[in-house]
Amino acid sequence: MSFTASITRVSAIILSLFFVYGCATQITEQPSKVTRATVNLGEYKKVVLVKSEIAKPYANQSANIKAVNKIDEVLASRLGAIFDEVEVKTAQEVAAMDFSAIQERDVLLIKPLVKQVKFIGGAARFWAGAMAGSSVVILDASFEEAKTGKQLSNPGFIRKAGAYTDAFGVASNAMLSDVAQDVANYAIANK
């Protein structure tokens, strides 16, 4: 066997290993356990959806920020179809609100926390293919009584889009809508 053939064979093996192992997305977080809310969520007159907070290791990546903004957009739409009055606020706006004058069960706060996100969009998927890795989002949604701050529940949800099955980022984008729908389904089941 010639030297060139040996180098070609070794290069092919190394490239194959990069292709197979390059797509592995490490899931470091786990979603919280899904439990029933301690109060029927339908008893609240108004819902304030707080824009999703992103865990620090993922908050500085523009693709992840865009992905979480998409989750917020879909979640606001889905919750608006479930509850009569839904407002979307930032965490800073909610912190500045005074809930002391309201009655219990007047305002329900929903606070999504994206514990882990890796979003591979269509462009990255087109150029890098499966080597770009799989996409994942792990989201916990805290349902809280606004007046008392008491947590009614904190269900967690996980959605993934495989590196090999995600042609042009379609599954990655669907994953964002699906995790928002999971929160909406939880709200319906606990209404």
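Where a number appears in this text, it was derived from the coordinates with a stated rule and is not lab data. Small disclaimer: the values here were computed from a predicted structure and weren't measured. We place every Cβ from the backbone using ideal geometry, glycine too, and count neighbours over all the protein chains shown.
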Legend entry - For Ala59, residues with placed amide H under 5 Å, excluding near neighbours: none
Legend entry - Long-range amide H partners of Ser142 with built H, under 5 Å: Lys111, Leu113
Legend entry - Label-point gap, in nm, between Arg36 and Ser100 - each point 7 angstrom along Cα→Cβ: 3.6 nm
Legend entry - Karplus (6.51, -1.76, 1.60) ³J(HN,Hα), θ = phi - 60°, over the range 78-90, in Hz, Gly and Pro reported as x: 5, 5, x, 7, 9, 10, 5, 10, 10, 10, 10, 9, 7
Inset, instruction - Please work out the FRET efficiency for the pair Gln181 and Ser2, using the Cβ-Cβ distance as r and a Förster radius of 41 Å; give the result to the nearest 0.05. - result: 0.10
Legend entry - Whole-Hz couplings from phi, Karplus 6.51/-1.76/1.60, listed for the range 138-144; x for Gly and Pro: 10, 10, 9, 10, 8, 9, 10
Inset, instruction - Quick one: which residues, 5 or more positions from Ser32 or on another chain, have an amide H under 5 Å from its amide H? H modelled 1.01 Å from N in the peptide plane, none for Pro or chain starts. - result: Gly156, Phe157
